[in-house]
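Here's the structure we're looking at; comments come further down.
The values are calculated or read from the model by the stated rules, or taken from the named source; none is laboratory data. The model shown is predicted, which means the values in this text are computed figures rather than measured ones. No Cβ is skipped: glycine too gets one built from the backbone with ideal geometry, and neighbour counts run over all protein chains shown. Please note that ligands, DNA and RNA were not included when accessible areas were found on the heavy atoms of the full protein model with its side chains. Shrake-Rupley method; radii C 1.70, N 1.55, O 1.52, S 1.80 Å.
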Amino acid sequence: PGSSAKKVLVSGCFDLLHSGHVEFFQEAATLGELYVRIGTSDNVQALKGRAPMYSDEERLFMVRQIKGVHNAALSVGSGRFDFVEDAKELRPDIYFVNDDASQLEERMSLFEKAGLDVRIVVAPRKAAPGLEERSSTSMKERLREMLAAEDAAKQQLPMEAFHRSLPW
């Protein structure tokens, strides 16, 4: 109210929060006041068949701490396009999304069907200067590799330990 800043909406699960998310939020915030809507644990469970690693409260806490985030809340919608209900309530000027977001064309048409005049800004995924590009998918793959290496290391006891455990 009274503010001439544009409202910028982003949405997502933001479960394995990483530097790529921070860069995404900060880039979106350059366009106006950034509103982040986070998919609820129930919605993530329904869509992905598993609960997120972090609770709704913890994901909300982390996102709210990021510089540039004007407002963060749990999404009021459900389903793959839970952000549409948020957009109806918030009436953003801009919906900011990465170019690798799923079903971009459908997302665009949903705003029109809802009677919302929202400009969609599609940005390439990029890393902050000096950092590696991150995605939740790459983070999960790296975690799998780390756990596999840790499990393999536990399987390989030194022969000295083997000989100490057996009374030869």
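A few notes on this one:
- Failed item in (1) outside any loop (DSSP other than H, G, I, E, B); (2) open to solvent by 30 Å² or more (accessible area, probe 1.4 Å); (3) touching a residue at least 24 places away in the same chain (Cβ under 8 Å); (4) out of contact with any strand residue (DSSP E or B) (no Cβ under 6 Å at 6 or more places or on another chain), with GLN45 passing the rest: (3)
- The lone criterion from (1) of a type outside the set (A, V, I, L, M, F, W, C); (2) under 20 Å from ILE38 (Cβ atoms); (3) exposed (fewer than 15 other Cβ atoms within 10 Å of the Cβ); (4) touching an Asp or Glu at 6+ places or on another chain (Cβ under 9 Å) left unmet by ARG119 is number (2).
- Residues that are more than 12 Å from PHE24 (Cα to Cα) and either open to solvent by less than 30 Å² (accessible area, probe 1.4 Å) or without any contact (Cβ under 8 Å) to a residue 24 or more places away in the chain (or both) within segment 90-106 comprise LEU90, PRO92, ILE94, TYR95, ALA101, SER102, GLN103, LEU104, GLU105, listed in sequence order.
- Some residue of segment 135-143 being surrounded by 14 or more Cβ atoms within 10 Å (Cβ to Cβ) and in contact with a strand residue (DSSP E or B) (Cβ under 6 Å, 6 or more places away or on another chain): no
- Long-range neighbours under 6 Å by Cβ, at least six apart or interchain, first residue under 20 Å from THR30 (Cα atoms) within segment 117-140, second open to solvent by 70 Å² or more (accessible area, probe 1.4 Å): VAL122/ASP99; PRO124/ASP99; ARG125/ASP100; ALA127/GLU133
- Residues located in segment 61-89, provided they are on the phi > 0 side of the Ramachandran plot and surrounded by 14 or more Cβ atoms within 10 Å (Cβ to Cβ): GLY68
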